[in-house]
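Inspection log for the structure reproduced underneath, given as structure tokens.
The values are calculated or read from the model by the stated rules, or taken from the named source; none is laboratory data. From a predicted model like this one, the values you see are computed outputs, not experimental measurements. Reconstructed Cβ throughout: ideal geometry from the backbone, glycine too, with neighbour counts over all protein chains shown. With ligands, DNA and RNA removed, areas are computed over all heavy atoms of the protein, side chains included. Shrake-Rupley method; radii C 1.70, N 1.55, O 1.52, S 1.80 Å.
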Amino acid sequence: MRATFMYGAGDVRVIDVPDPAVKHPTDAVVRVVRSCICGSDLHPYHNKPVTPEGTSMGHEFLGIVEDTGPEVTTVKPGDLVIAPFAWSDGTCDFCREGLQTSCRHGGFWNAGDVGGGQAEAVRVPLADGTLVPVPGIDENSPLLPSLLTLSDVYGTGHHAAVKGRVSPRTTVTVIGDGAVGLMAVLSAKRLGAEQIILMGRHTDRTDLGREFGATDVVAERGPEGIAKVRDLTGGDGTHVVLEAVGHMPAYEQALGVVRAGGTISRVGVPQYEQAPVGFATLFGPNTTLTGGPAPARAYNNTLLPDI
């Protein structure tokens, strides 16, 4: 089959690899019908060291089940399924607590002998705990692009809002107008926020953000952007900031626009290890810092009816 591999910064190739097959009784083989590129794919695209063997790509996909191991009971050949960006058993204590990204027996695509979703097919470990069947939908449905958001970006935007404790009583700033930022806007609106400020400067995206629920758009960055958000909130900033970028300037912007006593929820994969967390930034104003990789599998049943 054909699969996408990255061999270094800017070096992406579609190559021939062996077809996946069931290796364990809990596996399924899924033929991919939709896949996409994540913001976290773009970071290695810009800075990945050269690797002669390459790395498989893709962690967001929909597909049709082609084969299953004898212990798989929740999906069957022919089912259209959503594959969240982490695979998990669904039974360990972390999974039962809704944190499938920390599953004791799970993992992530493109690691070890598990390939990626930017391919013609994928072997899915722990299929019962991982895959989400969508009854009544086939591979020709016009809903496929929207269903694909449940493999990552909608769940990630929703996770940002949930970890930030967005509610009708909170004002919200979303930093970043990419797919996750737009889904964070949609999620904040879904949870009742009445003022949602989207910080982004791509008009086609921010227009969609307004459709999803953004009440204000701030295109400026740095001190000018912070001042604009403060002006829109009577000088205070917003109760919640959803940071969907992952670069240090976005984190610094979040610090600048969060209200005293507020929460910064980060779901953009941080491209830095050190970040200001001292008295002036977090401790003094009683700011909460939260976020992390979204357990997309935990949110699928909640968000699927919206699709």
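Just one of Ala280, Ala260 is open to solvent by 20 Å² or more (accessible area, probe 1.4 Å) and in a strand (DSSP E or B); which is it?
Values: Ala280 fails: in a strand (DSSP E or B).
Only one candidate qualifies: Ala260.
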query = Within the range 34-67, how many residues turn out to be modelled with pLDDT of 95 or more, out of contact with any helix residue (DSSP H, G or I) (no Cβ under 7 Å at 6 or more places or on another chain) and aliphatic (A, V, I, L, M)?
reply = 3
request  = Out of the residues in the range 172-196 that are surrounded by fewer than 24 Cβ atoms within 10 Å (Cβ to Cβ) and not in a helix (DSSP H, G or I), state the one that is nearest to the chain's Cα centre (by Cα).
outcome  = Gly178
query = For Glu71, are the conditions met, namely being surrounded by fewer than 21 Cβ atoms within 10 Å (Cβ to Cβ), under 24 Å from the mean Cα position of the chain (by Cα) and under 21 Å from Gly129 (Cβ atoms)?
reply = no
remark   = Reported set for the range 44-73 where residues are out of contact with any Leu (no Cβ under 9 Å at 6 or more places or on another chain) and under 18 Å from Ala294 (Cα atoms) is Gly58, His59
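Check whether at least one residue in the range 233-246 is closer than 22 Å to Thr156 by Cα, at pLDDT below 95 and not hydroxyl-bearing (Ser, Thr, Tyr), and report yes or no.
Of all residues in the range 233-246, those closer than 22 Å to Thr156 by Cα come to 238-246.
Next, from what is left, pick out any that are at pLDDT below 95: 245-246.
Next cut, not hydroxyl-bearing (Ser, Thr, Tyr) only: 245-246.
For the range 233-246, residues closer than 22 Å to Thr156 by Cα, at pLDDT below 95 and not hydroxyl-bearing (Ser, Thr, Tyr): present.
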Conditions (1) of a type outside the set (Ser, Thr, Tyr); (2) at pLDDT 95 or above; (3) touching an Asp or Glu at 6+ places or on another chain (Cβ under 9 Å); number of the one not met by Pro70 = (3)
